[in-house]
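Take a look at the structure set out below.
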Amino acid sequence: MARIYWMIFVCVLTGHFTDGFSQGSPLPASAYARQLYEKATHPTASYYNGKEYTIQEFRPQGHQFFESMDWLSASLTYAGNRYNNLPLLYDIHRELFILRNHDGLHRLIPDQSLIEDVKIGTHTFIRIKQGLKPGFYELVYDGKTKIFCKRTKDRTEDLSQQRVLIIYTPHDYYYLLKGDQYISVNSKKSILTALSDRKKELRKYARTLNFREDRENAIRNVVAYYDQIK
């Protein structure tokens, strides 16, 4: 791969890639070279080494994926390298990131232990190894004080009818990172207790928020306010 990248870099310097630069490409030379390198090495990228992912359910109620059953555009850090614009699914029931094979026909499970972080749209998932159960957590607030969310879906089987109905139910669990300690904060009471050094001011502010309708946004707003007045 290093040889491919070097050849592309030399071609850019010598002006052999006229389709980008001669027509006024907005990309600088280094970015354009990187883009060409990624296209050239795409079919042999290391994240394609994995077993096939298969979906076992047929017409379940809900689904096991984050946000959508359709491919989402994502970027990820894999084995220390950053890859962008990858078609990806996130099975949050089994906690598996799934990539579309370069042939477009198969779903692959890359080595999950080599994935450091994944960004899907505005959502950033980070691998946490200590302080919480090891796994991927979404960073939902990135301030002086941070909030992480564990996205999960429980799978249950309803046998009350003549056929088995598979049901996926989502659950979100929130954790405040204060200093080097993770604290579970899934209610107004728990977030105020965790931030007790400003409890009086926060209690008044929390009354303006609707924890029942939008718990995540309420928790995020309380912590942002705490960072502001601290």
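The values are calculated or read from the model by the stated rules, or taken from the named source; none is laboratory data. Computed from a predicted structure; not experimentally measured. Cβ: placed from backbone, ideal geometry, glycine included. Neighbour counts: every protein chain shown. Side chains are part of the model used for accessible areas, which takes the heavy atoms of the whole protein and leaves out ligands, DNA and RNA. Shrake-Rupley method; radii C 1.70, N 1.55, O 1.52, S 1.80 Å.
Computed on region 63-164, with alpha-carbon pairs under 8 angstrom and 6+ residues apart, the relative contact order is 19 percent.
Just the protein heavy atoms count here, and of the accessible area of region 114-196 at 1.4 Å, carbon and sulfur take up 50 percent. Averaging the Cα positions of each part gives two centres, and for region 74-112 and region 166-192 these lie 26 Å apart.
Note down the net charge around residue 170, summing +1 for each Lys or Arg and -1 for each Asp or Glu among other residues with Cβ under 10 Å from its Cβ.
Values: positive: 151, 153; negative: 154, 172.
Summing Lys and Arg as +1 and Asp and Glu as -1 gives 0.
Beyond 32 Å in Cα-Cα separation lie the following of the pairs 153/200; 119/200; 119/188; 51/144; 146/204: 153/200; 119/200; 51/144. With a cut-off of 11 Å between beta carbons, the residues surrounding residue 197 carry a summed charge of +4, where Lys and Arg count +1 and Asp and Glu -1. Please compute the contact order of region 120-230 in relative form: average sequence separation of alpha-carbon pairs under 8 Å and at least six residues apart, divided by the residue count, as a percent. Relative contact order here is 18 percent.
Using 0.36 nm times the number of residues separating residue 167 and residue 196, minus their current alpha carbon distance, what extension gain do you get?
Values: separation 29, 0.36 × 29 = 10.44 nm, distance 3.90 nm.
Once the chain is fully extended between residue 167 and residue 196, it gains 6.5 nm.
Bridging of residue 230 to aspartates and glutamates at a Cα separation below 16 Å is possible for 142, 197, 201, once same-chain residues fewer than 8 apart are set aside.
How large is the accessible surface per residue of region 104-221, computed with a 1.4 Å probe and reported in Å² as a whole number? Accessible area per residue: 61 Å².
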